[in-house]
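Beneath this line is the structure, given in structure tokens, with notes to follow.
Coordinate-derived values only; no laboratory data. In this text, all values refer to a predicted model and were calculated from it rather than measured experimentally. Note: ideal-geometry Cβ built from the backbone for every residue, glycine included; neighbour counts use all protein chains shown.
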Amino acid sequence: MNRPPHGSADNLSADPVQTRERPCSFESIPPTSAPLRLCGFSPGYGSSVAMVAGVVLAGFAVEFARGGGALTPPSWPYNAVFLGLFAGWIGLLSGLPGRLTAWLGSVPFALATMLMLGILGGIGGTVPQDAGLVPSWAQRLGFHHVFTGMPFAVALLLFLTNLGMAACRKVGQLGPKAWFFSLNHIGIWIAVASAMFGAGDVIRARMILVEGQAEAMVVDAKGRQGYLPFGLFLQRFYVEHYGDESGRPGVAKRFAADVTILPKDRQFADVTVEVNKPLRRDGWTLYLTNYELSETGQTDQCLIEAVRDPWLPGVYAGIYLMLAAAVAMLFKCPFAVPTAAGREGEL
Amino acid sequence: MITFAAGAAGCWAAAFLAKNRARTILYAAGIAVLAAYVLMLWGNLGRPPMRTLGETRLWYALLLPTVSLVVAVRWRIVWPLVYGAAMACVFLMINIIRPDAFDKTLMPALQSPWFVPHVVVYILAYAFLTASALGAVQFLWRGENTLPACDRAVWIGVAFLSMGLLFGALWAKEAWGHYWTWDPKETWAFLTWAIYLAFIHLRLRHPDERRFAAWFLVVAVGVLATCWFGVNYLPSAASSVHTYTN
């Protein structure tokens, strides 16, 4: 690795530390000595930032024109078709030679998309995600639902394009040697793509169970009704409290619902549902989320959230790949061991 | 609390007067004193002391010196010991000045096998990543070449940060029904993760841009601090499910 010396003030050329020795073979990013200029004079950065910012600004323009309404994500089978086309497009592009495809899968492009996701995330993490708490101009730009709005969606698509192209090219170049790089990058791609394209198929609905009654109807956030493929009979709902010094009940320690599952064609089954212990059945997961105290302090009804997410296995596959990569990170590091760095004395 | 904090601080002060092996042993003794306090608290409360911000500060004061000691012995460098002890003392002081109303309650959502690993890997990540920021300040201020150590601290920190984030997602699915809901704490956790991933890419790509990298670490630790404490003071916190302080 030959680097022309450049005269920046931080070039500690007399430094004995061999930061440039890179002992690991899996290194994924070829270093460059071209100076980094924030104004975009460094090759690749200006064009990447311009491209990503342009697309996101166009997203804001669409958001503004639509009056700041949230997007309705496509549902089955359209989302699967879109995902297939998108993945195919990435695979096809990454196989093509040329500067354009190299640019789309490059580190500068990755940093530009991360910067943009960071800016949008910063807005969404600071502005309350609640229309009632946001001024109207910010609502018009969709600041109260950043993560379901057009700018974030297009930024994510650019991010997935870049990540997918980088992963395809690396695997193409290195083959099985790219396993470490693949774990991380393909894991993120699978998890994010499954979560994003599967969003339209997620059902989160609520059902109220009353002691001594059976129920199968659920209602989603928009008030639409539906039925579970089985019924639930609430036998008993109970709350245990932490006692305070005076013996009065304090905050809730545990609450649970004893229910009987009523399937159409099978045996009834008795189970207990509580927080952190959901009930899984026929593609649905039922969570005990809350209850209401009546005036007498009695509780005989509780709130269940019924969730269906057919794309969850994809998200989990990605999460487990990323976890494997995180564990591998503890054992493999592309950065050189600091030998004499900052040593002030021997231990 | 004050007794144990003073005991730990005393051990660390003595460690810097000693040399070589004696220093290591005294430093480890300071960590052991704090560990004893954390275990006692755990026993007294009957739940893991990881719920409130003050309790996470206590874990940080325990784990940062532990990480510093491992790094210092492994690479035979001393400065992490100084920073580890100093930061731990600052965090212990905050806890003494603003004591938590330690109560035994643990809301049902937190009663999960995920609770302890999620918090411990996060605090470990914070220990490595704040150490990298302190190393960056050392580089910017005194010109010492601490950056190789910072790089490795970030690398290990990001490994733990990823684990914390993913454990959190798996836990959220069990407790709240969805693995990711862009709750303000989740959003800032994502931003923290993203900024350190960007740092790794930048460092591998532009190894000669040292001042930029050091300043980047200083900004990144600001995002981390926002995620850890700052998010409670943001307008978006009104609707957070992650605020467990009293």
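The orientation-averaged projection of the convex hull spanning the C-alpha atoms of the range A:203-308 amounts to 7.4 square nanometres.
Distance between the modelled labels on residue A:51 and residue B:1, one decimal in nanometres: 5.4 nm (7 Å Cα→Cβ projection).
Considering only B:224, A:175, A:144, and ranking their Cα positions along the charge dipole of the protein assembly as shown that arises from unit charges at the beta-carbon of Lys, Arg, Asp and Glu, the one farthest toward the positive end is A:175.
Residue separation of residue A:303 and residue A:236 scaled by 0.36 nm, minus their Cα-Cα distance, works out to 22.8 nm of gained length.
If the only charges are +1 at each Lys and Arg Cβ and -1 at each Asp and Glu Cβ, what is the size of the charge dipole of the range B:1-106 around the Cα centre, to the nearest 20 debye? Spell out each step's value before the answer.
Values: 10 positive and 3 negative charges, 71 e Å.
Its charge dipole is roughly 340 debye.
Where a ≥ b ≥ c are the square roots of the eigenvalues of the C-alpha gyration tensor, would you call the range B:1-106 rounded, which needs a/c under 1.5, or, failing that, prolate if a/b is larger than b/c, or oblate? Judged from the Cα gyration tensor, the range B:1-106 comes out prolate (a/c at least 1.5, a/b above b/c).
Show me the trypsin sites (Lys or Arg not before Pro) within the range A:172-272 that DSSP assigns to loop and that have at most 15 other Cβ atoms within 10 Å of their Cβ. Write down the numbers at each step before the final one.
Working: sites: A:177, A:204, A:206, A:222, A:224, A:236, A:253, A:254, A:264, A:266; in loops: A:222, A:224, A:264, A:266.
Within the range A:172-272, the qualifying trypsin sites (Lys or Arg not before Pro) (loop, at most 15 other Cβ atoms within 10 Å) are A:222, A:224, A:264, A:266.
Report the per residue volume, in Å³, of the convex hull enclosing the C-alpha atoms of the protein assembly as shown.
Details: hull volume 108.1 nm³, N = 593.
Taking only Cα atoms, the protein assembly as shown has a hull volume of 182 Å³ per residue.
Peptide A:184-192 shows a mean partner chain C-beta count of 1 within 10 Å per residue C-beta.
A Förster distance of 51 Å, applied to the separation of the beta-carbon atoms of residue A:81 and residue B:14, puts the FRET efficiency at 0.15. With the highest mean first, a sort of the peptides A:148-159, B:146-157, A:70-81, A:310-321 on other beta-carbon atoms found within 10 angstrom per residue produces B:146-157, A:148-159, A:310-321, A:70-81. In chain B, the ratio of gyration radius to Kirkwood radius, Rg to Rh, stands at 0.97 when only Cα atoms are counted.
Packing-wise, with mean Cβ within 10 Å as the measure, how do B:134-143, A:276-285 rank, highest first?
Numbers: B:134-143: 18.5, A:276-285: 16.3.
Those peptides, ordered most packed to least, come out B:134-143, A:276-285.
Between the range A:69-85 and the range B:129-188, the alpha-carbon centres lie 32 Å apart. In order along the range B:26-40, phi translates into HN-Hα couplings of 5, 4, 5, 5, x, 5, 4, 4, 5, 4, 4, 4, 4, 5, 4 Hz, rounded to whole numbers, per the Karplus curve 6.51 cos²θ - 1.76 cosθ + 1.60 with θ = phi - 60° and x for Gly and Pro.
Per residue of A:323-330, count partner chain C-beta atoms within 10 Å of its C-beta, then hand back the mean as an integer. Each step should come with its number before you reach the end.
On the way: counts 6, 0, 3, 11, 3, 1, 9, 5.
Mean partner-chain Cβ count within 10 Å for A:323-330: 5.
Full extension of the chain segment joining residue A:174 with residue A:33 gains 48.4 nm, where the gain is 0.36 nm per residue of separation less the Cα-Cα distance. Each listed q (0.15 Å⁻¹) maps to a log10 I(q)/I(0) for the range A:62-202 from the Debye sum over equal C-alpha point scatterers, namely -0.83. Just going by the charge dipole of the range B:89-187, with Lys and Arg at +1 and Asp and Glu at -1 on Cβ, which of B:107, B:175, B:133 is farthest out on the positive end? Highest projection toward the positive end goes to B:133.
Here the Karplus relation 6.51 cos²θ - 1.76 cosθ + 1.60, evaluated at θ = phi - 60°, turns the backbone of the range B:164-172 into coupling constants of x, 4, 6, 4, x, 5, 5, 5, 4 Hz, with x for every Gly and Pro.
When the Cα positions of A:336, B:78, A:286 are compared along the charge dipole of the protein assembly as shown, A:336 comes out farthest toward the positive end, with charges on each C-beta of Lys, Arg, Asp and Glu. Along its three principal directions, the equivalent ellipsoid of the range B:113-246 from the Cα gyration tensor extends over semi-axes of 29, 15, 12 Å, largest first. When the listed pairs A:177/B:185; A:170/B:173; A:277/B:185; A:332/B:19 are checked against a 28 Å cut-off, the alpha-carbon distance exceeds it for A:177/B:185; A:170/B:173; A:332/B:19.
Full-extension gain between residue A:216 and residue A:99, please, as 0.36 nm times their residue separation minus the C-alpha to C-alpha distance. If you can, show how the numbers build up before the last one.
Details: separation 117, 0.36 × 117 = 42.12 nm, distance 5.72 nm.
This chain segment gains 36.4 nm when fully extended.
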